[in-house]
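**Student:** Sending over a structure as structure tokens; questions will come in a sec.
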Amino acid sequence: MVGVEPELAADARDSFRRGEPVAWPAAQVQRTIADALRVEQVGTLPFAHIRELVTDIVTVTEDEMLTAVRRLAGQARLIAEPGGAAAVAAWLFRSGQLPRAAAPVAVLSGGNIDPALLVSILASG
């Protein structure tokens with residue numbers, strides 16, 4: 001299992017690689033459009049699960065998440081907020097960093113997107 005998070009809020013990736021929880025300043029994580037993933041430090045229980053189950057954590061850019069939102073809406077007719085589309089963004093743009101899988105799965109979540117933000121994202125593509 002590979003985790004995905006925004007490169008502008010990569011506390012879990014840093015924690016995973018260091019082997020202990022790493023905190024990011026609130027001002028830094030607030031920069032990402034993926035409001036659902038604006039976490040300053042991964043919690044104790046999630047970090048324990050990460051250490052046990054995750055083989056790597058990759059990051060995606062803001063543009064990659066926005067492109068994933070647009071492609072999901074336009075091609076699959078699925079609505080996702082930027083953080084919910086992060087795994088799809090990784091599959092689209094970071095496939096070289098992902099392990100080979102016979103049947104890759106990207107969890108798509110987070111349809112709780114502000115309608116005005118969705119319109120803005122769709123219009124910008």
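**Student:** For region 56-104, what does the alpha-carbon gyration tensor say about shape, rounded, prolate or oblate, given a ≥ b ≥ c as the root eigenvalues, a/c under 1.5 as rounded, and a/b over b/c as prolate? Please list the in-between numbers first.
**Tutor:** Numbers: a/c = 2.32, a/b = 1.46, b/c = 1.59.
Oblate shape, in that a/c is at least 1.5 and b/c is the bigger or equal ratio.
**Student:** Can you give me the accessible area per residue for region 15-58, using a 1.4 Å probe, in Å²? Show your work: numbers first, answer last.
**Tutor:** On the way: 2820 Å² over 44 residues.
Using a 1.4 Å probe on heavy atoms only, each residue of region 15-58 averages 64 Å².
**Student:** For region 1-53, just say rounded, prolate or oblate: build the C-alpha gyration tensor, square-root its eigenvalues into a ≥ b ≥ c, call rounded for a/c under 1.5, and beyond that prolate if a/b exceeds b/c, oblate if not. Each step should come with its number before you reach the end.
**Tutor:** Numbers: a/c = 2.07, a/b = 1.63, b/c = 1.27.
In terms of gyration-tensor shape, prolate.
**Student:** Take the alpha carbon atoms of region 70-121, find their center, do the same for region 21-51, and report the distance between the two centers in whole angstrom.
**Tutor:** So the separation of the two Cα centres works out to 19 Å.
**Student:** Between Pro25, Gly43, Ser95, whose Cα lies farthest towards the positive end of the dipole of region 1-122 when Lys and Arg beta carbons carry +1 and Asp and Glu beta carbons carry -1, centred on the Cα centre?
**Tutor:** Ser95
**Student:** Let me check something: with ligands and nucleic acids excluded, how do Thr32, Thr55 order by accessible area (1.4 Å probe), largest to smallest?
**Tutor:** Highest to lowest solvent-accessible surface, that is Thr55, Thr32.
**Student:** In addition: Sequence-distant or interchain residues sharing an amide H contact under 5 Å with Ile57, placed H: which?
**Tutor:** Answer set, sorted by chain and number: Gly3.
**Student:** In the chain, which longest range has no trypsin sites (Lys or Arg not before Pro) that are both DSSP loop (not H, G, I, E or B) and surrounded by at most 15 other Cβ atoms within 10 Å?
**Tutor:** Numbers: sites that count: Arg31, Arg77, Arg100.
The segment 32-76 is the longest one with no such site.
**Student:** Same structure, new question: Add -39500 (n - 2.57) for each DSSP H run of 4 or more in the chain, then divide by its residues: what number comes out at 222 nm, to the nearest 500 deg cm²/dmol?
**Tutor:** -10500 deg cm²/dmol
**Student:** Could you grab the relative contact order for region 40-125? Cα pairs under 8 Å, six or more apart, rounded to a whole percent.
**Tutor:** That works out to 30 percent.
**Student:** For the chain, what class follows from the C-alpha gyration tensor (a ≥ b ≥ c being the square roots of its eigenvalues): rounded when a/c is under 1.5, otherwise prolate if a/b is larger than b/c, else oblate?
**Tutor:** oblate
**Student:** How many percent of the accessible area of region 43-125 is carbon or sulfur, using a 1.4 Å probe?
**Tutor:** Carbon with sulfur: 57 percent of the solvent-accessible area.
The values are calculated or read from the model by the stated rules, or taken from the named source; none is laboratory data. These figures come from a predicted structure and were not determined experimentally. Neighbour counts are summed over all protein chains in view; Cβ atoms, including those assigned to glycine, are modelled from backbone coordinates with ideal geometry. Heavy atoms of the whole protein, side chains included, go into the accessibility calculation; ligands, DNA and RNA do not. Shrake-Rupley method; radii C 1.70, N 1.55, O 1.52, S 1.80 Å.
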